[in-house]
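Undergrad: I'd like to ask some things about the structure below.
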Amino acid sequence: MKKNYFFTILLFIIFLNNLDAQNHNYLMSTSFGNKGYLFIPTTMPKVLSIDIFSQSKIRITGNNLNLTNNDGYKTVQLLSNGLLDTSFSGDGIESGTPTFYSKNSATAINNNTEMLIIGREYTGDFEYKIIKVKNNGLADLNFGDSGIVVSPKDGVSDNPGFIDQISDGSFIFSTKSGNKVSIKSLTSNGSKTATLHNNYLGLSSDFQSYCKTQSGNFLFGGTYSDNTTTRNLYHFLNADGSSLKLVYQDDNQKIGSQEMISIVYDEMNQIFIVLENYYSSTSDARYHIKKFDASGTSLAKYTYREADFGFPPTKTVSLGGFTYVLGVDLSFNLRIAKLDQNGQFDSSFGNNGIATIDIAEDITKIERVTSDNSNSIFISSGNMSSTNTVFVMKLNMSYTLGTDDFTAINSNLFIYPNPSKGIINFEEKVDKAVLFDINGKMLKNFKEVNNADISEFQNGVYLLTFTLNGKSTTKKIILKK
């Protein structure tokens with residue numbers, strides 16, 4: 001018993017680098033790729049989707065650049081450890097031949113983990129094209145006309161915003177012609193299309209973001225201009241594609257200043273979370289995070305400046321009731337902010353609610369993010385830093401200390417009182433301190449403090465790691481209020 005106790009205490013001595021306030025690389029999943037990330041040597045100018053499906057496999061789809069102005073598609077499939085899945089197309093990579101006019105299109109995975117890809121094509125006039133890809137990476141020739149559905153030449157003026165599957169197995173997708181946006185349906189075999197909704201006159205572009213819940217409901221978001229104000233448009237759909245609620249919100253901002261950046265769904269609290277850039281400025285960009293329930297009722301709105309994050313937000317993910325906001329800073333590092341249910345930065349995460357991932361290579365962009373609905377966030381981008389590679393990173397957001405995180409560093413710094421009623425005092429100011437539960441889960445961190453307030457936690461035994469003059473040590477703390 002004593003041996004197990006002392007072995008546990010030994011494990012909780014942490015070296016400085018892994019807990020540096022400017023570097024939180026310990027969030028990367030070390031069992032994936034090269035200690036949490038990898039660069040796949042294949043050309044993909046833009047990643048359109050990243051999906052997690054059976055056996056935690058990862059499927060990444062994007063454009064496949066060729067020498068004309070048209071692009072085919074390319075799909076990369078990985079095992080859960082980041083290795084290429086050779087059961088997919090022989091080597092884990094499949095390049096498709098159907099071409100699209102531009103690099104902007106959308107993808108979806110159906111209930112059979114087969115994939116649909118939609119884009120624009122130009123053959124004298126713009127039209128949309130939809131293809132279906134089987135699980136082996138090859139086109140399904142039984143879909144549509146020899147594997148392809150092509151629209152009538154109706155002047156499609158913008159790239160399709162989305163495609164996804166609805167409850168009866170058919171699909172819905174969006175197109176834009178002139179200033180008219182429509183949501184259309186497509187039968188599961190690609191034989192017939194129909195218009196479901198077309199009352200979106202004034203949308204400045206196709207839907208900028210959308211989200212599908214686990215129960216199959218949808219929320220689509222875009223911006224609407226009537227030459228005096230810019231409004232937000234939200235369309236809530238039922239799982240069968242029928243309209244549930246259409247909402248216009250007017251924030252009285254300048255024309256063209258709004259952008260619907262990201263929509264995610266908090267499955268734990270059953271609410272949609274929308275990230276918007278409501279004021280564009282190179283020096284003082286501003287953002288809203290809005291929350292709606294599944295029926296379309298507005299619940300809350302929080303306002304942020306870019307300086308609050310320290311980076312321009314580009315993506316969001318919801319996990320465990322928290323909202324994670326992601327972006328790239330001026331030093332080409334990945335930045336992640338963690339917000340609680342009240343829109344406040346979670347001070348127990350990273351450095352005052354913001355974590356920094358700094359790897360040897362520059363992270364220049366984040367094109368797609370997803371989660372496995374448990375603990376992990378997956379990030380992917382194509383042709384990072386103009387190289388012909390696909391970038392993928394896996395983050396573990398429920399980070400728990402392991403044996404790789406510890407090293408023995410002696411320190412005789414006196415802390416008191418112990419047991420404590422909630423305030424731990426240090427003999428002198430420490431550079432930083434981090435509180436863990438007895439299982440090694442990080443709870444809260446402090447920077448340049450003379451004391452640590454842990455009164456918000458329940459009575460029990462904790463481990464406090466603190467750093468002074470480049471040396472760190474861990475001591476057992478008893479909280480007894």
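The values are calculated or read from the model by the stated rules, or taken from the named source; none is laboratory data. Computed from a prediction, not measured in an experiment: that's the story for all the values here. Because the Cβ atoms are built from the backbone with ideal geometry, glycine has one as well, and the counts that use them run over all protein chains shown.
Undergrad: Do the conditions hold for Phe292, that is, is it in contact with a strand residue (DSSP E or B) (Cβ under 8 Å, 6 or more places away or on another chain), at pLDDT 85 or above, assigned to a loop (DSSP other than H, G, I, E, B) and aromatic (Phe, Trp, Tyr)? Walk me through how you get there before you give the answer.
TA: Details: in contact with a strand residue (DSSP E or B) (Cβ under 8 Å, 6 or more places away or on another chain): yes; at pLDDT 85 or above: yes; assigned to a loop (DSSP other than H, G, I, E, B): no; aromatic (Phe, Trp, Tyr): yes.
It is false that Phe292 is in contact with a strand residue (DSSP E or B) (Cβ under 8 Å, 6 or more places away or on another chain), at pLDDT 85 or above, assigned to a loop (DSSP other than H, G, I, E, B) and aromatic (Phe, Trp, Tyr).
Undergrad: To continue, here is another question. Looking at this structure, is Asn333 farther than 23 Å from Thr370 by Cβ and assigned by TED's automatic domain parsing to the domain that holds Ser371?
TA: Judged against the criteria, Asn333 is not a match.
Table: residues versus (1) modelled with pLDDT under 75; (2) outside the structural domain of Ile118 (by TED's automatic domain parsing); (3) part of a strand (DSSP E or B); (4) polar (S, T, N, Q).
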{"position": "Val156", "(1), (2), (3), (4)": "yes, no, no, no"}
{"position": "Gly161", "(1), (2), (3), (4)": "yes, no, no, no"}
{"position": "Val181", "(1), (2), (3), (4)": "no, no, yes, no"}
{"position": "Asn199", "(1), (2), (3), (4)": "yes, no, no, yes"}
{"position": "Tyr210", "(1), (2), (3), (4)": "no, no, yes, no"}
{"position": "Gly216", "(1), (2), (3), (4)": "no, no, no, no"}
{"position": "Gly221", "(1), (2), (3), (4)": "no, no, yes, no"}
{"position": "Leu233", "(1), (2), (3), (4)": "no, no, yes, no"}
{"position": "Asp240", "(1), (2), (3), (4)": "no, no, no, no"}
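Undergrad: Given the criterion more than 22 Å from Asn232 (Cβ to Cβ) and among the small types (Gly, Ala, Ser), identify the matching residue among Gly320, Gly296.
TA: Being more than 22 Å from Asn232 (Cβ to Cβ) and among the small types (Gly, Ala, Ser) holds for just one of Gly320, Gly296, which is Gly320.
Undergrad: Another question about this same structure. Residues being assigned to a loop (DSSP other than H, G, I, E, B) and either charged (D, E, K, R) or closer than 22 Å to Ala355 by Cβ (or both): count how many of those fall in segment 264-289.
TA: Of the residues in segment 264-289, 4 are assigned to a loop (DSSP other than H, G, I, E, B) and either charged (D, E, K, R) or closer than 22 Å to Ala355 by Cβ (or both).
Undergrad: Right, next: Which residues, taken from segment 451-481, are assigned to a strand (DSSP E or B), closer than 17 Å to Ser347 by Cβ and polar (S, T, N, Q)?
TA: The answer is Asn451, Thr465.
Undergrad: Only residues that are modelled with pLDDT of 90 or more, part of a strand (DSSP E or B) and not hydroxyl-bearing (Ser, Thr, Tyr): list them for segment 338-382, please.
TA: Lys338, Leu339, Phe345, Ile354, Ala355, Ile357, Arg368, Val369, Ile377, Phe378, Ile379
Undergrad: Within segment 416-450, count every residue that is closer than 23 Å to Phe345 by Cα and polar (S, T, N, Q).
TA: Going through segment 416-450 one residue at a time, the tally reaches 2.
A quick yes/no check of all residues on (1) in the same structural domain as Ile50 (by TED's automatic domain parsing); (2) assigned to a strand (DSSP E or B); (3) surrounded by 17 or more Cβ atoms within 10 Å (Cβ to Cβ); (4) modelled with pLDDT of 85 or more:
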| site | (1), (2), (3), (4) |
| --- | --- |
| Thr75 | yes, yes, yes, yes |
| Gly82 | yes, no, yes, yes |
| Gly90 | yes, no, no, no |
| Lys103 | yes, no, yes, no |
| Tyr128 | yes, yes, yes, no |
| Gly137 | yes, no, yes, no |
| Asn142 | yes, no, no, yes |
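Undergrad: Might you let me know whether segment 446-464 holds any residue that is modelled with pLDDT of 90 or more, in contact with an Asp or Glu (Cβ under 8 Å, 6 or more places away or on another chain), surrounded by 13 or more Cβ atoms within 10 Å (Cβ to Cβ) and farther than 19 Å from Asp340 by Cα?
TA: No, segment 446-464 contains no residue that is modelled with pLDDT of 90 or more, in contact with an Asp or Glu (Cβ under 8 Å, 6 or more places away or on another chain), surrounded by 13 or more Cβ atoms within 10 Å (Cβ to Cβ) and farther than 19 Å from Asp340 by Cα.
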